[in-house]
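The values are calculated or read from the model by the stated rules, or taken from the named source; none is laboratory data. Since we're looking at a predicted model, the values are computed, not measured. With ideal geometry, Cβ positions are generated from the backbone for all residues, glycine too; neighbour counts draw on all protein chains shown.
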Amino acid sequence: MDPVTPPSEAAPRTIITGCAIATVDPAGTEHASGHLVIEGSRIVALGAGSLPADLVTDGATIIDGTGLLATPGLVNSHHHLYQWATRGFVADGTLFEWLTGLYPVWAQLDPDITHHAAKAGLSALALSGCTLSMDHHYVFPNGTELLESTVTAAQAVGIRFHPTRGSMNLGKSQGGLPPDSVTETHDAILQASADAIDRWHDPSPESVLQVALAPCSPFSVTAELMAESAELARKRGVRLHTHLCETLDEEAYCLEHFGARPADYVGDLGWMGDDVWFAHCVHLSDEDVDLFGRTGVGVAHCPTSNARLGSGIARTRDLRNAGVAVGLGVDGAASNEAGTLQLEVHASLMASRFREGPDGMTVRQALAHGTIHGARCLGREADLGSLEVGKLADIALWKVDDLGGAGIIDPVAALVLGPPRGAEHVLVGGKLVVEGGELRTTDLETVTSELVRVSARQAAAMGAA
């Protein structure tokens, strides 16, 4: 099938016809066969059946959606792109063992490694139907500013990007987990955070680039930095992110050093509110779940990484019932070597049913976690995360009539329960980034060869560590 019929001249519209549609809107609207019309960057019409005659426009780009399922583009709410250069290292360790093994390697990060690792990771995300990804970058060896390396990678790949200016200032000499070689000073971090907001943050509804502040974790950042980062973020109108309640080791650390469990500790430092989302949140008490629901905190659920590191299974059903926005995250590619987001939709459902039984999560709830709930975590739900008239045209189209999906009567079940798959087409703001399963924006052979080169540099650092 040649799905895309190019226009004879510059087209004011893109029209998708004949596809199944799962809108993930508040009503859960779906169409077995329908159409979408995009004008510029936004959806101007969608519905069941054939395209109405009054919506047909000369010169429009027509995408034949036969055999395809249209969903909102997937949203990656937690990631560490620099880790694409250290995949497969410390394959059998706990989180703390994994971190202590990799910190010395990451101390060798530079703009070259960071850029090509990010470009590889973002390319894989785009091919897996992701239209918006955050990045939690918190390693800045010798004060080297590396956000530009990730921003330029995202611009090359063509998906929306929310880099977070992470930080670590609690080194081993002060009782923290990371070696002092990968930490920065308190004042340098706050200045770099303000500079990142000034340089990169675009708060507009159409934004492809937004910044958040993201001290790394309770065991790598001082209480003062946590509190002052929150103050700075709120003064500047950006969001807050950190790792929280990922492992029992973290809980033991917080009890020993702070006399409080992780959620209580960060709550006392001003880290509760609808401008905050936490990563992982595997080990939560009933009180934590209730607190998150009452304060509007979001959670980035990372099922594959949590399984890879043996951290446990998050309470997604309880969080959802409490009203918490539970998005999905790939997490670092050094703890999730696949690095693709469609797999996380599948894994989230399986993990929840492992924990809760058959009513732990439905296939449509899993899709919502990967779309609208991720958009809520990142503060973009007004314009992204569902297919609705007026929203930005960030759309993934999935082939569900191939061997892996043929005969599965429900296309959403084919996507969530079926075999791993990439997206057939991906549009970001109405622009095709993936077409026919291939990335249009970057050359994958070059991306791969550069990744091999910088991964070899990191492997050499691993050998020297």
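Points to keep in mind about this one:
- Given (1) closer than 23 Å to His80 by Cα; (2) charged (D, E, K, R); (3) part of a loop (DSSP other than H, G, I, E, B), number of the condition Glu344 does not satisfy: (3)
- Listed by first and then second residue, the pairs with beta-carbon distance under 8 Å, at least 6 apart or on different chains, first residue in region 148-163 and farther than 9 Å from Ser133 by Cβ, second among the hydroxyl-bearing types (Ser, Thr, Tyr) and surrounded by 20 or more Cβ atoms within 10 Å (Cβ to Cβ), are Ser149/Thr114; Thr150/Tyr82; Thr150/Thr114; Val157/Ser123; Pro163/Thr150.
- From the options Ala382, Ala347, Ala307, Ala366, residue that is on the phi < 0 side of the Ramachandran plot, aliphatic (A, V, I, L, M), assigned by TED's automatic domain parsing to the domain that holds Trp277 and surrounded by fewer than 19 Cβ atoms within 10 Å (Cβ to Cβ): Ala307
- Matching residues, region 155-184, being under 30 Å from Gly430 (Cα atoms) and buried (at least 24 other Cβ atoms within 10 Å of the Cβ): Val157, Ile159, Arg160, Phe161, His162, Pro163, Thr164, Arg165
- Of residues in region 306-341 being in a helix (DSSP H, G or I) and of a type in the set (S, T, N, Q), the one farthest from the chain's Cα centre (by Cα): Asn321
One line per residue, one yes/no per condition, for (1) assigned by TED's automatic domain parsing to the domain that holds Trp84; (2) in a strand (DSSP E or B); (3) surrounded by fewer than 19 Cβ atoms within 10 Å (Cβ to Cβ); (4) not aromatic (Phe, Trp, Tyr):
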position: Asp402; (1), (2), (3), (4): no, no, yes, yes
position: Ile408; (1), (2), (3), (4): no, no, yes, yes
position: Ala423; (1), (2), (3), (4): no, no, no, yes
position: Val426; (1), (2), (3), (4): no, yes, no, yes
position: Val434; (1), (2), (3), (4): no, yes, no, yes
position: Glu445; (1), (2), (3), (4): no, no, yes, yes
position: Leu451; (1), (2), (3), (4): no, no, no, yes
position: Ala459; (1), (2), (3), (4): no, no, yes, yes
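- Candidate set: region 185-206, residues that are of a type outside the set (Lys, Arg) and under 16 Å from Thr150 (Cβ atoms); chosen: the one surrounded by the most Cβ atoms within 10 Å (Cβ to Cβ): Ser193
- If only residues of region 289-303 that are surrounded by 24 or more Cβ atoms within 10 Å (Cβ to Cβ) and out of contact with any Lys or Arg (no Cβ under 7 Å at 6 or more places or on another chain) are counted, the one that is nearest to Arg355 (Cα to Cα) is Pro303.
- Hits in region 49-107 (condition: in a loop (DSSP other than H, G, I, E, B), under 30 Å from Thr247 (Cα atoms) and polar (S, T, N, Q)): Ser77, Thr94
- Out of Leu81, Leu109, one residue alone is surrounded by 24 or more Cβ atoms within 10 Å (Cβ to Cβ), touching an Asp or Glu at 6+ places or on another chain (Cβ under 6 Å), aliphatic (A, V, I, L, M) and in contact (Cβ under 8 Å) with a residue 24 or more places away in the chain. It is Leu81.
- The selection criterion, being part of a strand (DSSP E or B) and assigned by TED's automatic domain parsing to the domain that holds Ile372, holds for Asp135.
- Within region 347-384, being among the hydroxyl-bearing types (Ser, Thr, Tyr) and in a loop (DSSP other than H, G, I, E, B) holds for Thr362, Thr371.
- Ala60 vs. criteria touching a Phe, Trp or Tyr at 6+ places or on another chain (Cβ under 9 Å) and either assigned by TED's automatic domain parsing to the domain that holds Ala22 or crowded, with 19+ Cβ neighbours inside 10 Å (or both): no
- Pairs meeting the criteria (first residue in region 436-465 and more than 16 Å from Trp84 (Cα to Cα), second residue surrounded by 14 or more Cβ atoms within 10 Å (Cβ to Cβ) and of a type in the set (Ser, Thr, Tyr), beta carbons under 8 Å, at least 6 apart or on different chains) are Leu439/Ser123; Thr442/Ser123.
- Boolean, Leu392 is under 19 Å from the mean Cα position of the chain (by Cα) and in the same structural domain as Val24 (by TED's automatic domain parsing): yes
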